[in-house]
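The values are calculated or read from the model by the stated rules, or taken from the named source; none is laboratory data. None of the values given here were measured: they were computed from a predicted structure. Here the Cβ positions follow ideal geometry from the backbone for every residue, glycine too, while neighbour counts run over all protein chains shown. Please note that ligands, DNA and RNA were not included when accessible areas were found on the heavy atoms of the full protein model with its side chains. Shrake-Rupley method; radii C 1.70, N 1.55, O 1.52, S 1.80 Å.
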Amino acid sequence: MKNTIRKYWSLFWKFRKLRLMLLLEYRGNFWFWTFVSIMWTIFNFFFFDLIIGARGSIAGWNRTEMYVLLSTFTMIDALTWSFFYHVMQEYISSIFDGRMTLTLTRPINPQYLLSIQTNSYTNVPRFLIGLTMMVITLRNGAIPITVWSVLGFVLFYCVSILFVYSIWFIVATFAFWVDRLDNINELVPSTRRVWQAPKEVYTGIVSVIFTVVLPFALISSQPSEILLGKASPYWLIYYTALTFFLFYLSTVFFRFSVRKYSGTAN
Amino acid sequence: MAQPVISLHHLKKYFKVYRKKPGLLGSIQSLWDRQYEEVKAVDDISFEIYPGEIVGFIGQNGAGKTTTLKVLSGLLYPTSGDVSVLGFNPWDRKAEFQKQFALVMGQKNQLWWDLPAMESFLLNKAIYEVPDDKFQKTLDILMDLLDVRDIVNIQVRKLSLGQRMKCELIAALLHSPKVLFLDEPTIGLDVVMQKVLRDFIKAYNEEFKATIILTSHYMGDVKELCKRAIVIDHGKKIFDGELQEIIDRFARNKILSLTLNDPVKQSQLEKFGTVKEFDYPKATLLVPRGRAAKIAGELLTRFSLADVNIEEPTIDAIIRELFLSEKKTA
Ligand SMILES: Nc1ncnc2c1ncn2[C@@H]1O[C@H](COP(=O)(O)OP(=O)(O)OP(=O)(O)O)[C@@H](O)[C@H]1O
Ligand SMILES: [Mg+2]
């Protein structure tokens, strides 16, 4: 068990190292996309600043709170985009072109191997921008920070990452079932607009969808609410439980789909 | 006799595919009315393979070779029948089992394109948990056998096809598998590289006492490497035994490829054998196996030749003969 954990841990970092080597190989590409991602982030903050400036607050979240939310979103989005977009793209194309075959002969959990095999680094600066904005906002807004609120934030930051991972992996796994599913990898990122608004923005049936059924609205809200001291334990528990359930579902669905790929169903 | 390393009993693997009627109308119709059909890729095959054997697994396109190797690798679940490799049921995909075999597909590559092959080797070392000293030892042996010491630190995309294939093989064999499934490892390579790979496969078999199943469409591969051959056709086994027996019985001819310096008449060539192709300056003759060398000599004295080659008939041609004779006896 200890050996297995060590192997999986060290493999994770080996892939990061290989990706870094590739980055150094293709620096031009890296700088270009880094520039794009920084511009996008700045534009996003600017855009929301305009909206808040006009209205003073959004769905009961004042300017400071909105900035915490946006910073959280930026940090989550930078990480999930860096990792999952590329990982899932690779995963989907390996199903279509048959490279999946090799993965399945490896003495390692295939879902793990598929999930760590690639990433990009172009969003690292974006993550840092998010973090910097967060620190500045917390200081300027004089928001009381405790060790517990920071720990809680980090914990729920991780839950959100796991949540996004699970949903995205489940969606990508549909590639096993449909001969050619173009652009399936764009489905999850297309919901990112929903992630970055406070959950109170949504009302009625939309609220039920985005906070309960497919709670994209909780992704940034939950970690932010902890920092701001306005989190509800019920929501936190629900969100955590659902995330673990989705993660479990992703592993079951993956195994089931591999069996179909292998022709068990015939 | 030793225990078999690989055993198959009445293996069947059927695929369900659907047939679409041609044209747009057919496409529309298939939305609600799909005609499913069963493809019997492997249809009741049994065999056993013993430690250290190199077995040639041959058959025409679509015969079911790759499908069988995939079942043996635990990638496909059999429709029915029993499969055992190294005492494992491949389908369980146990890590213990996976660390002891390798599936090499000539058309699939695993090396990282933009990095030196060495990086992929190190990655596989971690995935297969090969200890440092064993890794170094195996790597040294493999690099020497394939003579690639100078290229493993060059980006893979800058290597030639042959060099890349050598590195692919090393990556696949670094965990020193005891069982090897080679699916057309020499496909697309030139004659010299084919020879290099054959020698390597033979050496690997001796060095690591590995059991190997090899599929190929090149007679040269099979003839040089395999004493035993299993022939399948349309998912059924039609021969299992000494390769020499097939050659003696069904490859009665050899092929002489000539390049002529001066024009000759086809009728002049026909005195020496069956002219299969004649497109000056090239000509191809079928001649009886036993007399091939002698006839080649005669041709050399009779005509002015730029080049003459004695070649084995293609595997497909041999199998066609074998298949026909099966039908006659059946
Ligand atoms: N995943 C699949 N779904 C449906 N049919 C398949 C599938 N894989 C293989 N087949 C069919 O099964 C038969 C055997 O295929 P297989 O790939 O095993 O042949 P092969 O002997 O390896 O041929 P080749 O020499 O061309 O590589 C073929 O008719 C093929 O069309
Ligand atoms: Mg094949």
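Descriptive notes on the structure:
- For the pair B:K16 and A:L128, a Förster radius of 60 Å applied to the C-beta separation gives a FRET efficiency near 0.70, rounded to the nearest 0.05.
- Taking other residues whose beta carbon is less than 13 angstrom from the beta carbon of B:F200, and scoring Lys, Arg as +1 and Asp, Glu as -1, yields -4.
- Computed over the range B:9-160: relative contact order in percent, which uses C-alpha pairs under 8 Å that are six or more apart: 20
- Projecting the Cα atoms of B:P116, B:I310, B:T68 onto the charge dipole of the protein assembly as shown (Cβ charges, centred on the Cα centre) puts B:T68 farthest toward the positive pole.
- Total lysine pairs in the range A:2-258 at Cα distances under 25 Å, for residues eight or more apart or on different chains: 4.
- Of the trypsin sites (Lys or Arg not before Pro) found in the range B:1-87, those in coil by DSSP whose Cβ has at most 16 other Cβ atoms within 10 Å are B:K20, B:R34.
- Heavy-atom accessible surface of the range B:252-311, averaged per residue, reaches 60 Å², computed with a 1.4 Å probe.
- Taken about its Cα centre, the range B:252-311 carries a charge dipole of roughly 340 debye when the Cβ of each Lys and Arg holds +1 and the Cβ of each Asp and Glu holds -1.
- Rounded to 10°, Cα long-axis angle of helix A:86-97 versus longest principal axis of chain A: 30
- Rough spin-label spacing in nm, given labels placed 7 Å along Cα→Cβ, for B:D262 and A:S57: 10.7
- From the largest down, chain A spans 59, 44, 40 angstrom on the principal axes of its Cα atoms.
- Cα-centre dipole for the protein assembly as shown with unit charges at Cβ (Lys and Arg positive, Asp and Glu negative), debye to 20: 680
- Calculated SAXS-style log₁₀ I(q)/I(0) at q = 0.05, 0.06, 0.11, 0.12 Å⁻¹ - the protein assembly as shown, Debye, Cα scatterers: -0.33, -0.45, -1.13, -1.24
- Protection-proxy order for peptides A:38-47, A:118-127, each taking the mean of Cβ atoms within 10 Å per residue, highest first: A:118-127, A:38-47
- Rh by Kirkwood over Cα pairs, then Stokes-Einstein D for chain B at 0.692 mPa s and 37 °C, µm²/s: 146
- Förster radius 35 Å - calculated FRET efficiency between A:T251 and B:W113, Cβ distance, rounded to 0.05: 0.70
- Modelled spin labels at B:I154 and B:E48, positioned 7 Å past Cα toward Cβ, are 4.8 nm from each other.
- Averaged over the residues of A:252-259, the number of partner chain Cβ atoms lying within 10 Å of the residue Cβ comes to 1.
- Rounded to 0.05, the FRET efficiency of the B:R252 and B:S304 pair, given R0 = 35 Å and the Cβ-Cβ distance, is 0.75.
- Element breakdown for chain A at a 1.4 angstrom probe: carbon and sulfur atoms account for 70% of the accessible area.
- Placing one equal scatterer on every Cα of the range B:159-226 and applying the Debye formula, the log10 ratio I(q)/I(0) at q = 0.16, 0.18, 0.21, 0.25 Å⁻¹ is -0.50, -0.64, -0.88, -1.26.
- Here chain A is treated with +1 on each Lys and Arg Cβ and -1 on each Asp and Glu Cβ, and its dipole about the Cα centre works out to around 780 debye.
- Projecting the Cα atoms of A:A142, A:M21, A:P198 onto the charge dipole of the range A:2-258 (Cβ charges, centred on the Cα centre) puts A:M21 farthest toward the positive pole.
- Surface composition of the range B:1-57: carbon plus sulfur atoms contribute 56% of the solvent-accessible area (1.4 Å probe, protein chains only, all chains present).
- Candidate residues A:L102, B:L115, A:L131: accessible-area rank, largest first, probe 1.4 Å: A:L131, A:L102, B:L115
- Pairwise label distance in nanometres, B:S27 with B:E326, each label 7 Å out on the Cα-Cβ vector: 3.8
- Angle in degrees between helix A:233-261 and the longest Cα principal axis of chain A, rounded to the nearest 10: 20
- Computed as a quarter of the hull surface, the mean projected area of the alpha carbon convex hull for the range B:1-63 stands at 6.3 nm².
- Per-residue mean of C-beta atoms belonging to partner chains within 10 Å, peptide A:97-105: 5
- Furthest towards positive pole of dipole, B:L269, B:A102, B:T259, structure part chain B, Cβ charges: B:L269
- Cross-link pairs B:K40/B:K276; B:K70/B:K125; A:K260/B:K108; B:K12/B:K94; B:K94/B:K237 - those with Cα-Cα distance over 27 Å: B:K40/B:K276; B:K94/B:K237
- Whole-number D in µm² s⁻¹ for the range B:252-311, Kirkwood Cα-pair radius fed into Stokes-Einstein, 4 °C, 1.567 mPa s: 117
- Short-range pairs are left out: with C-alpha atoms under 8 Å and at least six residues apart, the relative contact order of chain B is 19 percent.
- The B-A contact accounts for roughly 2700 square angstrom of buried accessible surface, both chains included, probe 1.4 angstrom.
- Counts of other chain beta carbons within 10 angstrom of each beta carbon in peptide B:64-77 average 3.
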